[in-house]
Amino acid sequence: MPQNDGYPKPPNLSKTLSDKASNLLNKVNDAQSIFNPVTQLLDTYLGSEEVRALPPSSRKLLTSLCLEFKATIEQHFDTFVTGHPPPRGATTPPVTPLSPPSPPTTIYTSTPTMPIGPKPSYIQKASTPTIALTNKTPSDNRLFIRINQIHPAQSAGSFAILTALKKVLGPNAFLLREVQKVKTGFALCISSIANLLALEKQKAIISSAIGDCKIEA
């Protein structure tokens, strides 16, 4: 029987989503090329020998100032990517004023005199319980985005990927704490196991935003 062409062709939803993600990634790459040199300059300055030689109080105040610069850069970055200015009243967090250091207090203590007795025998040493110190290995709360070496996201920095994913995650953006660059792509850092399990449910959104990738724990 001839095919009935009277029905409208269904929309290609996957292509529409892929095009939207591609356009967003292009904007993120453009914003990265503009604002990333500024953040790199701040990182280089904070890690310089001149800053390390400063007193702790001055170094803390300088770090707070650079964090204010970083917050302003992020606002301009988001505005460039989304095309929407930040909401009114959005300001950088205030810098907590540093309290003046208190003068050192000298405390004189007397050394207690320990009674001198016979050294413990071998049997006494063997009977003394030994406390074993074990290092508790922290859990790895990360999801890994595996991409090939020629993937467009390779040229984008971790900050650009973090900003792009927070945009597509919407109300679930708080689940993502940090993005790290690794050999196989990117590592998504989460603050807790509960948030990790919640972010795993957003794999489809993350995969569509990055494109041609594999996400695994």
message = Going through Thr128, Thr137, Thr184, Thr106 one at a time, which residue ends up being at pLDDT 70 or above and either touching a Cys at 6+ places or on another chain (Cβ under 6 Å) or of a type in the set (Val, Ile, Thr) (or both)?
response = Thr184
Helices (runs of 4 or more DSSP H) within segment 143-217 that include 2 or more residues β-branched (Val, Ile, Thr) = 158-169, 203-210
ask   = Hey, among Gly170, Gly211, Gly157, which residue is touching a helix residue (DSSP H, G or I) at 6+ places or on another chain (Cβ under 8 Å) and on the phi > 0 side of the Ramachandran plot?
value = Gly211
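The values are calculated or read from the model by the stated rules, or taken from the named source; none is laboratory data. In this text, all values refer to a predicted model and were calculated from it rather than measured experimentally. No Cβ is skipped: glycine too gets one built from the backbone with ideal geometry, and neighbour counts run over all protein chains shown.
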